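The numbers here are math on the coordinates, done by the rules we state, and not lab data. None of these values were measured; they are calculated from a predicted model. Here the Cβ positions follow ideal geometry from the backbone for every residue, glycine too, while neighbour counts run over all protein chains shown.
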Amino acid sequence: MATSIKNKIKSIRELKNYTQEYMAEQLGVTQAGYSKIEKGKTVLSYVKLVEIARILEVSVEDIISFDSERYFNSFNKVIGNNNGSILINTEQNSTTLKLLYEDKITLLEKLLAKTESELERYKEKHGPL
């Protein structure tokens with residue numbers, strides 16, 4: 001597996017705020033097994049790459065062409081404020097930031113639904129809390 005692909009997968013996963021545990025669960029492998037993919041210690045088949053792209057909600061082409069330097073450089077620099085906030089000045093950056101937050105909201109909604117489902121299964125198995 002090309003070094004750049006593993007780094008691109010990791011960068012996109014981190015941008016989406018997905019954990020290795022989440023990715024591993026979605027792929028049906030252990031966290032250690034998934035970690036080997038990102039470290040390049042295992043051969044990444046095209047089929048597995050397609051699965052990863054599906055989980056990350058991007059295309060294989062998006063992974064291959066992802067350029068983290070270009071992506072991060074498209075954001076404006078932090079403009080001398082002391083409270084740690086980042087100022088975004090362009091419409092394109094604002095749209096990109098909005099999409100990232102929407103991805104996080106979607107992930108949180110999925111996690112909430114999963115938690116609620118697990119709680120229901122627990123209640124069915126062990127009775128009401």
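Brief remarks follow.
- Residue 119-residue 64 pseudo-label distance in nm [points 7 Å out on the Cα-to-Cβ vector]: 4.4
- Residues in the range 52-63 carry Karplus couplings, in order, of 4, 4, 4, 5, 6, 6, 9, 8, 4, 4, 4, 5 Hz; the curve used is 6.51 cos²θ - 1.76 cosθ + 1.60 with θ = phi - 60°, and Gly or Pro positions show x.
- Phi-based couplings in Hz for the range 17-33 (Karplus 6.51, -1.76, 1.60; Gly and Pro marked x): 6, 8, 8, 4, 4, 4, 4, 4, 4, 5, 8, x, 10, 6, 4, 4, x
- Cβ-placed point charges (K, R +1; D, E -1), dipole of the range 2-56 about Cα centre in debye, nearest 20: 220
- Rg/Rh for the range 1-65 (Cα atoms only, Rh after Kirkwood) is 0.90.
- Cut-off under 5 Å, modelled amide H: who pairs with residue 40 long-range: none
- Note, ³J(HN,Hα) from phi for the range 109-123, Karplus 6.51, -1.76, 1.60, rounded to Hz, x at Gly and Pro: 5, 5, 5, 5, 4, 5, 4, 5, 5, 5, 5, 4, 4, 5, 4
- Note on residue 25 and residue 98: with the Förster distance fixed at 30 Å, the Cβ-Cβ geometry gives a FRET efficiency of about 0.65.
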